[in-house]
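The values are calculated or read from the model by the stated rules, or taken from the named source; none is laboratory data. Predicted model, so just to flag it, every value in this text is computed and none were measured. All Cβ positions, glycine included, derive from the backbone under ideal geometry; neighbour counts span all protein chains shown.
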């Protein structure tokens, strides 16, 4: 095979993966009361816990599937994956490479080389245009309902209001209202480089062209005295960061910064944040799931400045640090497990949600995870023996 023949175009992967495939994996289910045909309605959660509804077109043709919501937002499988990128254990140097990795997993195909032609043709521009969005400050006398739905108190919203906006997309003719926007800024400038956007009904997105590679949502609570920040708390979303702050507020003090990576962990995001606060200690406040553990390990490697390799195995995560390989149990905090094998400095800590909760916002809402039944070593050995005895089926 000639070099390069294995390369699969981004668009080819896209044609093999349906929005419904991705949605089912995320926990969406068909609302059969709405009818099943050329259109299907997929719902995440039910009753009072109903978090999102999407309507999918062209259910029988994956290549042409699109979705829309009743608030006017819409897109294809790429934009749907992009909205939910934090839910997948995807690796890559950029957001687009991570999306390609997720598509490849669903298509059961090799991860493609980065397709710059697709990126240029995608609906989201590569440079954030602040004139596209109308931004307003939060009116703390009329706090939007979405914060109450997330369990966030009036005091929490008022304290963090300087770091939150109301945003409206002037290019969206179908929705003229305002969503919540968490402004992204880079390491050396207060200039806004995009928004992490949240709305009612579980809507989440990012402003077109948001810089998720070097910018992040950063709430510096030290009264703009970055040099006095001693603790930086990294979370996967701004709502998680707000919930973390509310739950632990009495223990935190004012020499802190809250950070959201918006579900797209980038090395330069983390390093840029730590450049702002060079004397601070970083904290892993990521989710209690596999993706959260991987993010925590990557944060540790960057802060402690050592090379790290991670591979998923049936037993857990195989981690190699400084030539030492060991298996890490995903259900336990990663930092002490790594520290038992290699020397780590005091540059990072962990302050994760209680183990019964997926993330800090679920903890604030009292939404516990379903209990997991972990196979015993005997069960795993018997399963392995059964697979070996079955041989190769022709």
- Task: State the number of residues belonging to the stretch 56-75 that are surrounded by fewer than 19 Cβ atoms within 10 Å (Cβ to Cβ) and more than 17 Å from residue 199 (Cα to Cα).
- Result: 9
- Could you list, in sequence order, all residues of the stretch 154-178 that are surrounded by fewer than 16 Cβ atoms within 10 Å (Cβ to Cβ), closer than 23 Å to residue 365 by Cβ and over 23 Å from the mean Cα position of the chain (by Cα)? 154, 155, 158
- Query: Out of curiosity, is residue 48 surrounded by 15 or more Cβ atoms within 10 Å (Cβ to Cβ) and either closer than 16 Å to residue 201 by Cβ or at pLDDT 85 or above (or both)?
  - Reply: no
- Query: What's the number of the condition residue 245 fails, among (1) assigned to a helix (DSSP H, G or I); (2) touching a helix residue (DSSP H, G or I) at 6+ places or on another chain (Cβ under 7 Å); (3) surrounded by fewer than 19 Cβ atoms within 10 Å (Cβ to Cβ)?
  - Reply: (3)
- Query: residue 209 passes all but one of (1) closer than 30 Å to residue 92 by Cα; (2) in contact with a helix residue (DSSP H, G or I) (Cβ under 8 Å, 6 or more places away or on another chain); (3) surrounded by fewer than 20 Cβ atoms within 10 Å (Cβ to Cβ); which number fails?
  - Reply: (2)
- Query: Can you find even one residue in the stretch 255-273 that is more than 16 Å from the chain's Cα centre (by Cα), in a loop (DSSP other than H, G, I, E, B) and under 17 Å from residue 155 (Cα atoms)?
  - Reply: no
- Query: Name the residues in the stretch 274-299 that are more than 20 Å from the chain's Cα centre (by Cα) and buried (at least 21 other Cβ atoms within 10 Å of the Cβ), would you?
  - Reply: 277, 280
- Note on the structure: Out of (1) touching a strand residue (DSSP E or B) at 6+ places or on another chain (Cβ under 8 Å); (2) surrounded by fewer than 22 Cβ atoms within 10 Å (Cβ to Cβ); (3) in contact (Cβ under 8 Å) with a residue 40 or more places away in the chain, the one residue 187 does not meet is (1)
- Mind listing whichever residues of the stretch 315-353 are touching a residue at least 60 places away in the same chain (Cβ under 8 Å) and either touching a strand residue (DSSP E or B) at 6+ places or on another chain (Cβ under 6 Å) or surrounded by fewer than 17 Cβ atoms within 10 Å (Cβ to Cβ) (or both)? 315, 346, 347, 348, 349, 350, 351
